[in-house]
Structure formats: structure tokens, C-alpha cells
1. Among the residues of the stretch 46-64 satisfying the criterion of being assigned to a helix (DSSP H, G or I) and either among the aliphatic types (A, V, I, L, M) or at pLDDT below 95 (or both), which is nearest to the ligand (Cβ to nearest atom)?
2. Just to be sure I understand the filter: pairs with C-beta atoms under 7 Å, separated by 6 or more residues or on different chains, first member in the stretch 33-62 and acidic (Asp, Glu), second member near the ligand (Cβ under 9 Å from one of its atoms). Which pairs pass?
3. Would you kindly identify the helices (runs of 4 or more DSSP H) lying entirely within the stretch 65-127 that contain at least 2 residues that are surrounded by 13 or more Cβ atoms within 10 Å (Cβ to Cβ) and more than 12 Å from the ligand (Cβ to nearest atom)?
4. Residues being more than 9 Å from the ligand (Cβ to nearest atom) and not charged (D, E, K, R): count how many of those fall in the stretch 29-45.
Amino acid sequence: MNPVDTPLRDTIDEAGIAALVDTFYGKVRSDPDLGPVFEGAISDWGPHLGTMRRFWSSVMLRTASYHGTPMQKHAALPGLTPQLFDRWLVLFDRTAGELFVPELAAEFCTRAHRIARSLQLGLFYRP
Ligand code: HEM
């Protein structure tokens, strides 16, 4: 049962993506390991949340509303580790499962894990 007893979302739309992004980064900010990494890099959360809504809208709804360079942004972050990526994915999976029916939560998680893997390949396993 999800905490507030609201029905799980059975469609992926902009409102659901906004709920996912806002809830997820709420958890990230209060996480003892991930929180400081984000707080060190982001001074104004409004634009970041907007970017992340557009990112997920582009990934899940193919709206092409996100234009950016995630690899460069993450390469510039000090202190990123594979363990932090694992934690990021735990919180993401949990949030998706709290908001969406299992089939749709799984779609988000599959995409997140795939992108996290490719970011990590670029960041940590360069020959
Ligand atoms: C340990 C894991 C992660 C950490 C600590 C992290 C942290 C951050 C931070 C601090 C920024 C803002 C950078 C800036 O504006 O200068 C950022 C941007 C972003 N992150 Fe992550 N991130 C992580 C994993 C991921 C994953 C797994 C994804 C995708 C599934 C992702 C997608 C993005 C995107 C799309 C941006 C926006 C880049 C842009 O400005 O165009 N991140 N991340």
C-alpha cells in the first residue's frame, strides 16, 4: 500500500512524470549519501526539477522536450561512485513503485537502469 492511500497511476503523462520527479528528488535531498552531492551542485532546485521533468518526458513520452548533455554534467561532479548510483536507483525504483502500477513502474525502472548503466560506463570504465 502506498503511504497516502491514493490509487496508483495507470497512465504515464506529464502530471505523473512531474509527481515522480518531485517525489524522487525530495527523497534524494534527504538521503545522507546522495543529498550532499546534489546540494553541492544545485543552488536553485526549480530549474533542475524542470530539466528532469523534460528529460523523463522525452524518455517516456518521446516529446523531445529535453536538450542536454548528461554525461558532461555528471563527469563534472566530484565524488560520484558506483555505490551512489546504486543508491540513486534504489530510491528511483521505490518512488516509481509508490506512484505507478507495477507494469508502468517497471517501464520507468528499466529505462533508469539502462541510462544509469551507460552513464557509469562513460564515467568509471573508460579504458
Ligand atoms: C549517483 C547518481 C547521480 C547523481 C549524484 C546525480 C547528480 C546530478 C546533479 C548534481 C545534476 C545537476 C548537474 C548540474 O546542473 O550541473 C544532475 C543532472 C542530471 N542528471 Fe543526474 N545524477 C545521478 C544519476 C543520474 C541518472 C541515473 C540519471 C538518468 C537516469 C540522471 C540524469 C540526469 C540528467 C538528465 C541531468 C540534467 C543534465 C543537464 O543539465 O542537461 N542522473 N545529476
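The values are calculated or read from the model by the stated rules, or taken from the named source; none is laboratory data. Here the structure is a predicted model, which means the values were calculated and not measured. Positions of Cβ are generated from backbone atoms using ideal geometry, with glycine treated the same way; all protein chains shown enter the neighbour counts.
1. 52
2. 33/84; 33/87
3. Qualifying helices (runs of 4 or more DSSP H): 82-99, 102-124.
4. Count: 6.
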